[in-house]
Amino acid sequence: MNQNKKMIGIIFILLTAFLFTLASCSSQKAEKLPPGKTVTVEGMETVKGVNPPKSETSSSKKPSPPTTPVKKEPETKVASAPPRPLSSPALPLFQMGFKKKVGILDFENNTTYKEEKMGEAVAKKLSDKLEASQRVVILDKTVISEMLNREGFKFEELSDPSVMKRAHQSIGIQAFTIGTVTDVSLLSSKASETSDQEVAFATAKVEIRLIDASTGNLLKTFIGRSPLFGTKEAGEYSRGKAVLKAIDFGLDDILEGFLRQLDLLDWSTTIAKVEGENLYLNAGKLSGVRIGDTLEIYEPGKEIFHPNTNLSLGWTTGKLKGALRVTDLFGVDAAIGKVVQGSGFSSNDVVKSIVR
């Protein structure tokens with residue numbers, strides 16, 4: 001019995017020593033944990049731990065290539081045209097510069113519809129479209145005819161390059177247009193089996209030739225065609241209406257190219273009369289001239305002809321004689337300028353814009 005008690009005591013002592021040793025080891029390990037990594041959960045024992053360190057291979061990131069700093073290119077400064085005088089309002093973008101004078105001559109009717117005045121209709125529609133662009137001054141045939149009569153010419157002689165040049169020098173016409181109307185086709189039928197109303201479609205081909213008035217040379221030929229669709233007209237006069245609509249489509253087809261070609265011509269006008277310091281110009285409000293504009297005055301240049309073809313190559317720029325400043329606008333399209341530089345001016349001296 002005593003021996004059993006001794007054995008139990010020895011086991012108790014050993015068990016107590018073992019538990020004491022185990023507790024001391026756990027406390028030592030806990031002290032080695034870094035601070036701030038202890039998590040306490042209510043109702044549970046305290047657990048201490050730390051995230052395992054990441055391996056260098058997994059944590060290492062490939063170095064990103066050095067970014068090349070973007071060099072800012074210096075801003076390109078575009079030289080702007082000198083400001084117009086404050087006394088003149090700013091022009092819209094499409095009106096910058098002076099408007100060129102164009103004379104529209106009769107168009108030939110080369111269609112089978114000879115009784116219709118298609119040539120006059122094309123000339124009228126072209127005139128309306130050019131004026132609507134606000135980039136052109138259209139000279140009426142009556143004005144051109146009266147000028148030619150004073151010069152001893154007839155309007156019918158305008159097909160002669162020498163007469164065109166005279167019109168350019170006298171009233172500052174930059175270009176003439178002539179052309180033809182061809183290939184007009186009509187398609188008509190009843191609107192339905194139960195209706196007597198007629199429906200008509202038409203197609204047309206319009207040819208316009210742009211001529212440089214200063215040389216009499218052909219600059220370019222433009223051909224416009226109209227599609228069949230879009231020309232439908234019904235009711236009374238449907239055929240005539242369809243043809244006019246087809247002509248309208250044909251002109252729209254070439255209008256922008258026509259204006260771009262016209263823009264390639266230099267603007268100029270001439271002195272009509274000299275009275276002391278006052279110079280009267282053949283261009284004014286309609287041509288885009290404004291009070292305060294400063295213009296240069298040149299002697300008439302020399303026309304150069306090709307030695308083989310005898311075609312005019314154009315006019316050289318004459319000697320610069322001086323400058324004027326526009327002081328007044330009068331009439332339909334005329335202006336008065338005061339001399340600011342130079343002397344010895346005469347009628348038919350060439351006047352040009354400084355900004356070209």
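The values are calculated or read from the model by the stated rules, or taken from the named source; none is laboratory data. Given the structure is predicted, the values throughout are model-derived calculations rather than measurements. Note: ideal-geometry Cβ built from the backbone for every residue, glycine included; neighbour counts use all protein chains shown. In case anyone asks, the SASA skips ligands and DNA or RNA and just uses the protein heavy atoms, side chains included. Shrake-Rupley method; radii C 1.70, N 1.55, O 1.52, S 1.80 Å.
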Restricting segment 195-208 to residues that are free of Cβ contacts under 8 Å to residues at least 40 places away in the same chain and more than 14 Å from residue 177 (Cβ to Cβ), the one surrounded by the most Cβ atoms within 10 Å (Cβ to Cβ) turns out to be 199
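Here is a yes/no grid of residues against (1) free of Cβ contacts under 8 Å to residues at least 40 places away in the same chain; (2) of a type outside the set (A, V, I, L, M, F, W, C); (3) closer than 30 Å to residue 181 by Cα; (4) open to solvent by less than 50 Å² (accessible area, probe 1.4 Å):
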position	(1), (2), (3), (4)
254	no, no, yes, yes
281	no, no, no, yes
294	no, yes, no, yes
308	yes, yes, no, no
Restricting to segment 296-306, name every residue that is open to solvent by less than 80 Å² (accessible area, probe 1.4 Å) and not charged (D, E, K, R).
297, 298, 300, 301, 304, 306
Tell me, yes or no, whether segment 212-225 has at least one residue that is within 16 Å of residue 312 (Cα to Cα) and of a type in the set (Ser, Thr, Tyr).
yes
Looking at the structure I just gave you, is residue 246 buried (at least 16 other Cβ atoms within 10 Å of the Cβ) and touching a helix residue (DSSP H, G or I) at 6+ places or on another chain (Cβ under 6 Å)?
no
Which listed residue is assigned to a strand (DSSP E or B), open to solvent by less than 60 Å² (accessible area, probe 1.4 Å), of a type outside the set (Asp, Glu) and within 30 Å of residue 347 (Cα to Cα), from 174, 261:
174
Hey, does segment 209-219 have a residue that's under 14 Å from residue 123 (Cα atoms), open to solvent by 20 Å² or more (accessible area, probe 1.4 Å) and in a strand (DSSP E or B)?
yes
Name the one entry in 292, 288 that is outside any strand (DSSP E or B), of a type outside the set (S, T, N, Q), closer than 18 Å to residue 173 by Cβ and under 33 Å from the mean Cα position of the chain (by Cα).
288
Scanning segment 310-356 for residues that are open to solvent by less than 40 Å² (accessible area, probe 1.4 Å) and at positive phi, which turns out farthest from the chain's Cα centre (by Cα)?
322
Output for segment 140-165, where each listed residue is open to solvent by 80 Å² or more (accessible area, probe 1.4 Å) and under 24 Å from residue 311 (Cβ atoms):
156, 159
Just to verify a result, which residue in segment 226-238, among those that are over 15 Å from residue 183 (Cα atoms) and surrounded by fewer than 17 Cβ atoms within 10 Å (Cβ to Cβ), is modelled with the highest pLDDT?
234
Please work out which one of (1) farther than 28 Å from residue 134 by Cβ; (2) at pLDDT 85 or above; (3) open to solvent by 50 Å² or more (accessible area, probe 1.4 Å) is the condition residue 223 fails and give its number.
(1)
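Yes/no matrix, rows are residues, columns are (1) of a type in the set (S, T, N, Q); (2) assigned to a strand (DSSP E or B); (3) farther than 18 Å from residue 253 by Cα; (4) over 25 Å from the mean Cα position of the chain (by Cα):
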residue	(1), (2), (3), (4)
98	no, no, yes, no
119	no, no, no, yes
122	no, no, no, yes
128	no, no, no, no
Can you tell me which residue is modelled with the highest pLDDT among those in segment 326-356 that are more than 14 Å from residue 274 (Cα to Cα) and of a type in the set (Lys, Arg)?
352
